[in-house]
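Report on one structure; see the data block that follows.
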Amino acid sequence: MSLADATNSQESEDRAPPSRRFRWWLSLIVGVGGVAISLAVWYTLRVRERQLIESRFQTLAAERLRVFEREFVRNLDALETLTGLLSTMHRIERDTFYNTAHALLLRHPSLVSLQWVPRITDAQRMDLESELQQYVAGAAITEFNPQGELQPAPQRAHYYPVRFVEPMQDEFGRQLLGHDHSADPARWKAMEAARDAGEPRATGPLDMVAPPSQENDDQQNAILVYAPIYTRDFPHQTVEQRRLAVRGFVVGVFHVGTSLHAALKELAPAAIQMGILDLSAPRSHQVVHEYRWPQLEPRMVSAARSGADGLWYEARMNVGGRDWLIVAQPSAEFFSGQQSSVPLAALLAGLVLTGLLVAVTATLTTTNQRIKSVVAQRTAELVEANSELQREIDVREWAEKELARQKSEFAEANRDLEVEIQERERAELALRDSEALFHSLVEHLPLCVFRKDLEGRFTFHNEEFRAALGLPDQKIIGCTDFDLCPREMAEKYRADDLRVTKTGQIYHEVEEFYDARREKQFVEVIKTPVYDHRGKVIGMQGIFWDVTDRHLAEQRLKQARGELERSNQELQQFAHVASHDLREPLRAVEGYCCLIEKRFGEQLDPQARQYLDDAVAGVARMKDLLDGLLEYARVNFDAPRFESVDCNSVLEEALANLRRTIDESQATVEHDSLPTVSGDRRQLVRLFQNLIGNAIKYRGEKPPKVRIEANQCEQGWRIAVHDNGIGIDPKDSDRVFQIFQRANGCDRISGTGIGLSVCKRIVQRHGGRIWLESKPGQGSTFFFTLPRGEDEGT
Ligand code: ADP
């Protein structure tokens, strides 16, 4: 057992007592609660049932009371019927009374006796007693003494004796004849009330006169109802009049119990008990009738009224001026048919269920500890899992956010990628087009194109290459030069290739090549390294093409150039000779001419003098020719020293050289601002000097005017020298630039025909050209072009 397990076990033991107490408390609470709920259910059902019973009882009692009231009122009406009949009679006939009363009694069971009680004075007593004695021997006007025995009534002013009574067949009826009702205070009170009111009035319950009931054993208290009859001819509207006019009373004896029995006879026996109390009577004599209600007393009424069970019914009824209270209660038998066993069953079921609940609770709480510990463990695990889950949720939320961010970045990158892909696709298409174009171009180029890897294996070649090698059907890809060429050549090619791939330098040579027919040719070869996308050399590629004709031409040109150089050297040598060696004899000729002139000048005739002058002129001309020739040779053979030359200073120098000529001829020279050109300064001075000199020399009649202009042109600068001289026939516009050639018609002006050829040579050596535009007599314009000076840019 680990330390942690031991600690848990100890904690469990520490917690055990409170848990047991809780278990017992819980069982107790469940038990008490269950019993309480069961009792509550039982009580509720009982109350509900009681309310139903009460409702049923109230309905039943009300209904039965209405039946009683209707029945009893019908009996009371019989009294009024007889009273109404007798009131109409001037003299109340014996037969009429008995017949009517007999009939009424038969039909109204509660009405047990009808009597006619006239008011008689003491003077009339004897007559009445005589009349009564006709029917009953010894009859007299009587009254009850305190012992309840009949005795002759003492003398008084008025008597109210029974004159007629129905039934009177029995002893009881016959005793009543002559009985003075007014002798009894209670009856007299009712009689007075009836007399004064002019309406029937009842007495309280009387138990003394009631005969035993034939229908049941109930106490048959009777009530007497007095209905007054007044003298017909005497007014009886007021109480006083009624007191004077009263003739007597029709008395009805009623057994209330009979009507009550009639009303309740339909009920189950003893289901209900009912009582009638006369509230107008003294408390000790209030009970009018009791129906199965033993010993009904007024105090019981108030007690029953205040009862909480509500099983009580009462109603008020006015009978002959008396205030009757009719009360009813269900008897014990009433409940026996109404009460059900449902509340009890519910109570028992509740108790049983409570017992089961207590047992289950006890059982459950027994395992509660284990469940609690399991729950606690599970809860701890859940809490741990929950926190883990929360951490995971946090991580996941972070990851989702990160994912969303990356998604958006990815989407953006994707868009960029799509754009890039589209661009790349376009580029690939362009590349493919380019490749197709390249292949098409390469395939149809009149050049031999090939490519090799670092091991010298051919990886590409075009059709021209195959045709040049004369290998139309052989597979070349993968072969090396050693497979295709003689070993000596293959070794050379391999060495050249390795130099290209190792140094990265371009190989560009014209080399010998033997075609398919094994004929020697010359090809110009260019070999370059091939790089991969990382800039690493992965092979070489080469192109070569047939330059046999050109090579041979170059050979010939080279040979011709060598010959020309030799010729030039010879010519230069000749010029040198001409300039130096030829001057010697000329100087000798000139010297001899001077000696002849000096020594024999006097002796010479004009002809000889002319010859001598021509010889001197010829020498001078010869010297000019030699100078011109030397100049021409120098321009041709001296290598020009090109530099940036300002033509303004060149012109200035040329004009200085021509100063004497200009002055003598009164020539005017104008010029634009001239450019700086790339050239040989000395030669350019000579160029300007020759052209301006010619412009002055070949002047017309007007003083010479020379204008020098400079304009930019495609080759650089175009410079024009205008004059107003004699002009040149366009036919001679080319010829005058040839050495020793002069224009027609200028013989009178001395010249050697070398100046313009020198100018042409100078312009040519500067990469330009010279030409003229002229018409005879309209002046001439000489044009020449020169390259721009370096500081002017190109
Ligand atoms: P030269 O002047 O010594 O004869 P050039 O070679 O200088 O030789 O000129 C060749 C010829 O061109 C000249 O003989 C002349 O007939 C003609 N010529 C040259 N310049 C002019 C010009 N400015 N006006 C007319 N004719 C000219």
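Just so it is clear, none of the values below were taken in a lab; they were calculated from the coordinates. Keep in mind that what you see is a predicted model, and the values were worked out from it rather than measured. All Cβ positions, even for glycine, are placed from backbone atoms using ideal geometry, and neighbour counts span all protein chains on display.
Taking a ≥ b ≥ c as the square roots of the Cα gyration tensor eigenvalues, with a/c under 1.5 meaning rounded and otherwise prolate when a/b beats b/c, else oblate, which class fits the stretch 655-720?
In terms of gyration-tensor shape, prolate.
Based only on the alpha carbon positions, what is the Kirkwood hydrodynamic radius of the chain, in angstrom?
Taking the inverse mean of 1/r over all distinct Cα pairs, the chain comes out at 47.0 Å.
Counting other C-beta atoms within 10 Å, which of Arg50, Arg518 has the fewest, and how do the rest follow?
Arg518, Arg50
Where nothing but the Cβ of Lys and Arg (+1) and of Asp and Glu (-1) is charged, how large is the charge dipole of the chain around its Cα centre, in debye to the nearest 20?
840 debye
Per residue of the stretch 28-33, what does 6.51 cos²θ - 1.76 cosθ + 1.60 with θ = phi - 60° give for ³J(HN,Hα)? Whole Hz please, x for Gly and Pro, Karplus curve as stated.
3J(HN,Hα) across the stretch 28-33, in whole Hz: 5, 4, 4, x, 4, x.
In cubic angstrom, how much convex hull volume per residue do the alpha carbon atoms of the stretch 38-101 span?
74 Å³
Based on the Kirkwood radius over alpha-carbon pairs, what is the Stokes-Einstein translational diffusion coefficient of the stretch 597-697 at 4 °C with 1.567 mPa s viscosity, in µm²/s? Please list the in-between numbers first.
Details: Rh = 16.6 Å.
Rounded, D is 78 µm²/s.
Please identify every one of the chymotrypsin sites (Phe, Trp or Tyr not before Pro) in the stretch 63-172 that sits in a loop by DSSP and has no more than 16 other beta carbons within 10 Å of its own beta carbon. Kindly include the intermediate steps, with their values, before the conclusion.
Working: sites: Phe68, Phe72, Phe97, Tyr98, Trp116, Tyr135, Phe144, Tyr159, Phe164, Phe172; in loops: Tyr135.
The qualifying sites are Tyr135.
Compute the angle between helix 647-657 and the longest alpha-carbon principal axis of the chain, please, reported from 0 to 90 degrees and rounded to the nearest 10.
20 degrees
For helix 606-637, report the angle its Cα long axis makes with the longest principal axis of the Cα atoms of the chain; keep it between 0 and 90° and round to the nearest 10°.
Long axis of 606-637 versus the principal axis of the chain: about 30 degrees.
Would you mind checking which residues have amide H under 5 Å from Val645's amide H? H placed 1.01 Å from N; only 5 or more apart, or other chain.
Val677, Ser678, Gly679
Which net charge results for the neighbourhood of Val523, defined as the other residues with beta-carbon distances under 11 angstrom from its beta-carbon, given Lys and Arg at +1 and Asp and Glu at -1?
-4
Using the Karplus curve 6.51 cos²θ - 1.76 cosθ + 1.60 with θ = phi - 60°, what ³J(HN,Hα) values do you get for each residue of the stretch 532-539, in whole Hz, with x for Gly and Pro?
Values, residue by residue: 8, 5, 8, x, 8, 6, 10, x Hz.
Which listed residue (Gln689, Gly679, Ser665) has the Cα farthest towards the positive end of the charge dipole for the stretch 621-747, taking +1 on Lys and Arg C-beta and -1 on Asp and Glu C-beta about the Cα centre?
Ser665
Based on other C-beta atoms within 10 Å, arrange Thr88, Thr661, Thr354 from fewest to most.
Thr88, Thr661, Thr354
Using +1 at the Cβ of each Lys and Arg and -1 at the Cβ of each Asp and Glu in the chain, identify which of Gln715, Val117, Thr528 lies farthest towards the dipole's positive end.
So the residue we want is Val117.
With contacts defined as alpha carbon pairs under 8 Å and 6 or more residues apart, what's the relative contact order of the chain in percent? Please report the intermediate quantities before stating the final value.
On the way: 1146 pairs, mean separation 58.3, N = 794.
RCO, the chain: 7 percent.
Give the angle, between 0 and 90 degrees and rounded to the nearest 10, that separates the Cα long axis of helix 342-444 from the longest principal axis of the Cα atoms of the chain.
Helix 342-444 sits roughly 20 degrees off the main axis of the chain.
Using the Cα atoms as the points, what is the convex hull volume per residue of the stretch 342-429 in Å³?
209 Å³
Across the stretch 584-589, in residue order, what do the Karplus-derived ³J(HN,Hα) couplings come to in whole Hz, using 6.51 cos²θ - 1.76 cosθ + 1.60 with θ = phi - 60° and x for Gly and Pro?
Along the stretch 584-589, the couplings run 4, x, 5, 4, 5, 4 Hz.
Relative to the Cα centre, what is the charge dipole magnitude of the stretch 364-518, using +1 at the beta carbon of each Lys and Arg, -1 at the beta carbon of each Asp and Glu, and rounding to the nearest 20 debye?
Dipole of the stretch 364-518, to the nearest 20 debye: 740 debye.
Give Lys407/Lys536; Lys475/Lys527; Lys623/Lys731; Lys623/Lys702; Lys697/Lys775 a once-over and call out the pairs whose C-alpha atoms are over 27 Å from each other.
Lys407/Lys536; Lys623/Lys731; Lys623/Lys702
List the aspartates and glutamates whose Cα sits under 20 Å from the Cα of Lys492, skipping any in the same chain fewer than 8 residues away.
List returned: Asp453, Glu455, Asp481, Asp483, Glu509, Glu511, Glu512, Asp515, Glu519, Glu524, Asp546.
Under a 5 Å amide H to amide H cut-off, with H placed in plane at 1.01 Å, what residues pair with Val288 once short-range neighbours are removed?
Distant-sequence amide H within range of Val288: Ile276, Leu277, Asp278.
About the Cα centre of the stretch 598-664, what is the dipole size in debye to 20, counting +1 per Lys and Arg Cβ and -1 per Asp and Glu Cβ, all else neutral?
Here the stretch 598-664 has a charge dipole of around 340 debye.
Quick check on the chain: helices-only [θ] at 222 nm, where DSSP H runs of length 4 and up contribute -39,500 (n - 2.57) each and the sum goes over total residues. Nearest 500, please.
-18000 deg cm²/dmol
Local charge sum around Arg201 (other residues, Cβ-Cβ under 15 Å, Lys/Arg +1, Asp/Glu -1)? Show your work: numbers first, answer last.
Working: positive: Arg187, Lys189, Arg195, Arg242, Arg243, Arg322; negative: Glu80, Asp184, Glu192, Asp196, Glu199, Asp278, Asp323.
The answer is -1.
How big, on average over all directions, is the shadow cast by the Cα convex hull of the stretch 542-647, in nm²? Write out the running numbers ahead of the final one.
Details: hull surface 53.9 nm².
Seen from a random direction, the Cα hull of the stretch 542-647 projects 13.5 nm² on average.
Nearest 5 is fine: what % of DSSP beta bridges in the stretch 608-708 come out antiparallel, could you say? All intermediate terms of the calculation are to be shown ahead of the outcome.
Working: 4 of 8 bridges.
That works out to approximately 50 percent antiparallel.
Can you list residues from other chains, or at least 5 along the same chain, whose modelled amide H is less than 5 Å from the amide H of Ile272?
Ser331
Arrange Trp42, Trp24 by Cβ neighbour counts within 10 Å, fewest through most, would you?
Trp24, Trp42
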